[in-house]
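For reference, the structure is listed below as structure tokens.
The values are calculated or read from the model by the stated rules, or taken from the named source; none is laboratory data. Quick caveat: nothing in here was measured; it's all calculated off a predicted structure. A quick note on method: Cβ atoms are made from the backbone with ideal geometry, for glycine too, and the neighbour counts reach across all protein chains shown.
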Amino acid sequence: MIDVQKIMKNIKKLAEETSMTVAEMEGTILMASINNQTTNTMNITQMAEDLCYLIQSNMDDRAFQIQRMLADELD
């Protein structure tokens, strides 16, 4: 049970670090390209949303797998 909690904590930490990195990337790219700011903003926003969705769905899948494993152990 402790291993499962540790895995979930690590997944959450990774998601938070990824989110911070994406935010830093957004700021850097926007500062570097003022001429195409509107286009870049839309592209970066979409990439950030896609990445967040991917991370969240991956975490949800892993959590579901862990719940199934725990349920199997309890049976």
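Remarks
- Selection of segment 32-57 for residues being modelled with pLDDT of 75 or more and either over 30 Å from K13 (Cα atoms) or not hydrophobic (A, V, I, L, M, F, W, C) (or both) yields N43, T45, Q46, E49, D50, Y53, Q56, S57.
- Tally of residues being surrounded by fewer than 10 Cβ atoms within 10 Å (Cβ to Cβ) and hydrophobic (A, V, I, L, M, F, W, C) across segment 60-75: 2
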